[in-house]
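*Asks:* What follows is a structure written as structure tokens; I'll ask about it next.
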Amino acid sequence: MPKPKGKTAASEPPRKLAMPRPRAAAGAKRKKRAARSRYSPADVHEIFRRFSVQRPEPKGELQYLNPFTLLVAVVLSAQATDVGVNKATRPLFKLADTPEKMVELGEAEVGSYIKTIGLWRNKAKNVIALSQALIAEHGGKVPAEREALEKLPGVGRKTANVVLNTAFGESTLAVDTHIFRIGNRLHLASGKTPDEVERAFLRIIPPEYLRHAHHWLILHGRYVCKARVPECWRCVIADLCKYEDKTASDPAPLVRLDEDEDEPASAAQK
């Protein structure tokens, strides 16, 4: 009996070739999902409601006379305390409260007033350079636009946010060391950079509280939720707080604070 012939290659059905998965373009990175707040919208609303009861009209502690001196004070406050900046700028602003007067004073003279502030040499240079830019490009006026502000020497996003908020009433949030710490410590608005923390806060803060949120958070971080040892017993949101190492779970009495009820000496702990 003849042996059955084997199948020839031509008679075999063609094999389906597996298509390679498309690779990500060189240098492309996966977009990281933003960390979510551990607080419900109702909890976040209550947190800022209590802050608003404590300080209905919160104010920053940098002293200034007009938008220009505010801008200069904020530039000088980088890696320095508000108390130290105020001590240096009181006599400086008596002599130079406009860009024109500051330029006339000169870099060396400005430096002599701010020697007690960290990085004073570079800051004196920036103060003169930004004053010159304001004169040349903005008629000596501080611009109310973010892009224009951030083009000035020594002015970054945080400084621009402070000026826009304090001088022009915009609902911006400048993330300093206090706000960065609170956002991460409380798991309220977590992030690895100030920009990430800013975006996280902007996603959750109710619009009606955004105007003053910057100052509420700074003052809370400066006087209550301190860097080394948080004073949880003084905290009006202790019951809502999700900080693992908090030392109190009962909130402090919710009463309005006058400006002189804070602790100016604590500003040195910034």
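Computed from the coordinates by the stated procedures, all read-outs in this text should not be read as laboratory data. All figures in this text were calculated on a predicted structure; none of them were measured in a lab. Glycine also receives a Cβ, built like all others from the backbone with ideal geometry; neighbour counts cover every protein chain displayed.
*Asks:* Got a sec? Charge dipole of region 67-160, +1 on Cβ for Lys and Arg, -1 for Asp and Glu; which of THR69, LEU119, ILE135 is way out at the positive end?
*Replies:* LEU119
*Asks:* Work out how much length HIS138 to LEU119 would gain on full extension: take 0.36 nm times their residue separation and subtract the Cα-Cα distance, in nm to one decimal.
*Replies:* 4.2 nm
*Asks:* Moving on. Cα centroids of region 230-258 and region 155-186: how far apart, whole angstrom?
*Replies:* Each part reduced to its Cα centre gives a spacing of 23 Å.
*Asks:* With r as the distance between the Cβ atoms of ARG228 and SER249 and R0 = 22 Å, compute the FRET efficiency 1/(1 + (r/R0)^6) and round to 0.05.
*Replies:* 0.60
*Asks:* Is there a quick way to get the dipole size of region 56-101? I mean about its Cα centre, with the Cβ of Lys and Arg at +1 and of Asp and Glu at -1; what is the value in debye to the nearest 20?
*Replies:* 160 debye
*Asks:* Related question: Residue by residue through region 185-200, which ³J(HN,Hα) values in whole Hz follow from phi under the Karplus form 6.51 cos²θ - 1.76 cosθ + 1.60 (θ = phi - 60°), with glycine and proline marked x?
*Replies:* My calculation for region 185-200 gives 4, 8, 6, 8, 8, 7, x, 8, 10, x, 5, 5, 5, 4, 4, 5 Hz in order.
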